[in-house]
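Chemist: Here you go, one structure.
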């Protein structure tokens, strides 16, 4: 399945519309491996992807997401032996998750992220520090009790090699090292036709069996995989063994749900894009104004796959103040704060993530903005299937 040229970065917004419209693009194609159920982009070029302080993907401004992250933190504190211990987070962003985890567990924390900007993150306690650099296992002076890595593995060109290096570095020694990984759930994307979750930054799309397989191949033990965040994420907790291992062969079932879904996904993508394009044009032709809510990867890909002009969709709304006043790569829409909707008064708001619809409905109602909410859930919102979930407020 080929989707052509798309923005290299969805989470790097630009300072001007002209810069946004000339943002770098890359080739996006999806291939499914029937041996391990992994989905990946063979046209991914790692040389195009460099994470710097301009990268902004924090979701912590959403009450819904904060509640979810809080549950994850408490679960790790309850299940893992990290109280008064040492936690390392790979790709920690601005440190929100690491800070909360360490404060609640009374632990020390060390984060790694080249996009870290202390001016955008929370104030960190003395027990937590962040290095503005990529993670290398050799750079940890103290053996950690827990290694966290959330929404990083799918960005890596060679995730299996990365995991193997972690196992090799920490196999043996005094005590086990536990790990916690979180990635998008590829099967949820396929089942819901959420093509807006397919983006260039992600080289690899993990299904549950693929995630289990790659961790077993690397040598991890005591694997515990869960579907979280409404099924949109997969989480993996595991342990690094005390002794080396012999890799086992792939174990994916040839008749898996991924095979069935993936075989039709290309046609579904074309239909979904066409249906949404028709819907937006129909609203605009009736004199209605349309905006998108969510200037993350979903919103950016939605605008680019529809090739939506600023005359058709003029703005995109986001709660993250670091994004306000900046512009979407590729299509050039300006990111605005929710309060600006009182002036824009949109007739239609397309909500990119269904989990946020209740908080968005409450915000628009609180602002006195009367609008139609449409949920961009791919197949479920396809015109042709007549299953769009709408909510007027």
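The values are calculated or read from the model by the stated rules, or taken from the named source; none is laboratory data. All of these numbers come straight from a predicted model, not from anything done at the bench. Neighbour counts run over all protein chains shown; Cβ positions are idealised from the backbone, glycine included.
Chemist: All but one of (1) farther than 25 Å from residue 68 by Cβ; (2) at pLDDT 90 or above; (3) assigned to a helix (DSSP H, G or I) hold for residue 262, so report the exception by its number.
Modeler: Looking at each condition in turn, residue 262 falls short on (2).
Chemist: What are the pairs with Cβ atoms under 8 angstrom where one residue, in region 280-301, is touching a residue at least 24 places away in the same chain (Cβ under 8 Å) and the other, located anywhere, is loosely packed, with under 14 Cβ neighbours inside 10 Å? Sequence gap at least six, or different chains.
Modeler: Filtered contacts from region 280-301: 284/311; 289/345.
Chemist: Sticking with this one: Here is a check on your reading of the model: is residue 129 out of contact with any helix residue (DSSP H, G or I) (no Cβ under 7 Å at 6 or more places or on another chain) and assigned to a strand (DSSP E or B)?
Modeler: So residue 129 fits the description; yes.
Chemist: Next question. With the structure loaded, tell me whether residue 117 is over 12 Å from residue 87 (Cβ atoms), surrounded by fewer than 22 Cβ atoms within 10 Å (Cβ to Cβ), in contact with a helix residue (DSSP H, G or I) (Cβ under 9 Å, 6 or more places away or on another chain) and without any contact (Cβ under 8 Å) to a residue 12 or more places away in the chain or whether it fails that test.
Modeler: Taking the combined requirement at face value, the residue does not satisfy it.
Chemist: Further question: Given the conditions (1) outside any helix (DSSP H, G or I); (2) without any contact (Cβ under 8 Å) to a residue 24 or more places away in the chain; (3) closer than 27 Å to residue 162 by Cα, report the number of the one that residue 11 does not fulfil.
Modeler: Among (1) outside any helix (DSSP H, G or I); (2) without any contact (Cβ under 8 Å) to a residue 24 or more places away in the chain; (3) closer than 27 Å to residue 162 by Cα, residue 11 violates only (2).
Chemist: Could you identify the single residue in 358, 278, 311 that is surrounded by fewer than 17 Cβ atoms within 10 Å (Cβ to Cβ), in contact with a helix residue (DSSP H, G or I) (Cβ under 9 Å, 6 or more places away or on another chain) and not in a helix (DSSP H, G or I)?
Modeler: Only one candidate passes the filter, namely 311.
Chemist: Criterion first (in contact with a helix residue (DSSP H, G or I) (Cβ under 9 Å, 6 or more places away or on another chain), assigned to a helix (DSSP H, G or I), modelled with pLDDT under 95 and surrounded by fewer than 20 Cβ atoms within 10 Å (Cβ to Cβ)) does residue 74 satisfy it?
Modeler: In short, no.
Chemist: Do you know which residues across region 281-301 are part of a helix (DSSP H, G or I) and touching a strand residue (DSSP E or B) at 6+ places or on another chain (Cβ under 6 Å)?
Modeler: Correct list: 283, 299.
Chemist: May I ask you to list the residues in region 219-235 that are surrounded by 20 or more Cβ atoms within 10 Å (Cβ to Cβ) and either modelled with pLDDT under 90 or over 18 Å from residue 39 (Cα atoms) (or both)?
Modeler: 219, 220, 229
Chemist: Conditions: (1) in contact with a helix residue (DSSP H, G or I) (Cβ under 7 Å, 6 or more places away or on another chain); (2) touching a residue at least 60 places away in the same chain (Cβ under 8 Å); (3) part of a loop (DSSP other than H, G, I, E, B); (4) surrounded by fewer than 18 Cβ atoms within 10 Å (Cβ to Cβ). Residue 83 meets all but one. Number of the miss?
Modeler: Of everything listed in (1) in contact with a helix residue (DSSP H, G or I) (Cβ under 7 Å, 6 or more places away or on another chain); (2) touching a residue at least 60 places away in the same chain (Cβ under 8 Å); (3) part of a loop (DSSP other than H, G, I, E, B); (4) surrounded by fewer than 18 Cβ atoms within 10 Å (Cβ to Cβ), residue 83 misses just condition (2).
Chemist: Filter region 339-352 for residues that are out of contact with any helix residue (DSSP H, G or I) (no Cβ under 6 Å at 6 or more places or on another chain) and without any contact (Cβ under 8 Å) to a residue 60 or more places away in the chain and give the result.
Modeler: Within region 339-352, 339, 340, 341, 342, 343, 344, 345, 346, 349 meet the criteria.
Chemist: What are the residues in region 314-353 that are part of a helix (DSSP H, G or I), crowded, with 20+ Cβ neighbours inside 10 Å and under 24 Å from the mean Cα position of the chain (by Cα), if any?
Modeler: The one that is part of a helix (DSSP H, G or I), crowded, with 20+ Cβ neighbours inside 10 Å and under 24 Å from the mean Cα position of the chain (by Cα): 323.
Chemist: Another question, then. Would you mention how many residues in region 164-190 are farther than 21 Å from residue 81 by Cα and either outside any loop (DSSP other than H, G, I, E, B) or in contact (Cβ under 8 Å) with a residue 60 or more places away in the chain (or both)?
Modeler: 10
Chemist: Here is a follow-up. How about region 132-159: which of its residues are surrounded by 15 or more Cβ atoms within 10 Å (Cβ to Cβ) and part of a helix (DSSP H, G or I)?
Modeler: 137, 153, 154, 155, 159
Chemist: Only one of these conditions is not met by residue 262: (1) in contact with a strand residue (DSSP E or B) (Cβ under 6 Å, 6 or more places away or on another chain); (2) free of Cβ contacts under 8 Å to residues at least 60 places away in the same chain. Which number is it?
Modeler: (2)
Chemist: Out of the residues in region 11-50 that are within 23 Å of residue 135 (Cα to Cα) and in contact with a helix residue (DSSP H, G or I) (Cβ under 8 Å, 6 or more places away or on another chain), state the one that is surrounded by the fewest Cβ atoms within 10 Å (Cβ to Cβ).
Modeler: 49
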